[in-house]
């Protein structure tokens, strides 16, 4: 699922649990998969596309947007922490 903001910036969606996913209104028989941080960072950072970040729980009253730049910084921080 992809969303755009007022500036036509393209984002992919990330849901923290089944309840948040249900707010999207998908059919119950629709298949879903679970992805983790590494999966999302690879999708967004390692492949050419127009996606500029991700939105966590887009249908919640306080959704969070993580830009491509911030996602890259988070991945670098994780890699550095795992080296220690």
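The values are calculated or read from the model by the stated rules, or taken from the named source; none is laboratory data. These numbers come from a predicted model, not from an experiment. Note: ideal-geometry Cβ built from the backbone for every residue, glycine included; neighbour counts use all protein chains shown.
Tabulated data for the structure shown
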| quantity | calculated |
| --- | --- |
| Among (1) touching a strand residue (DSSP E or B) at 6+ places or on another chain (Cβ under 8 Å); (2) modelled with pLDDT of 90 or more, the one test that residue 63 misses | (2) |
| Of residues in region 1-41 being in contact with a helix residue (DSSP H, G or I) (Cβ under 9 Å, 6 or more places away or on another chain) and in a helix (DSSP H, G or I), the one surrounded by the fewest Cβ atoms within 10 Å (Cβ to Cβ) | 38 |
| Enumeration of residues in region 60-80 that are assigned to a loop (DSSP other than H, G, I, E, B) and exposed (fewer than 15 other Cβ atoms within 10 Å of the Cβ) | 60, 61, 62 |
| Criterion: touching a helix residue (DSSP H, G or I) at 6+ places or on another chain (Cβ under 9 Å) and in contact (Cβ under 8 Å) with a residue 12 or more places away in the chain - qualifying residue of 65, 44 | 44 |
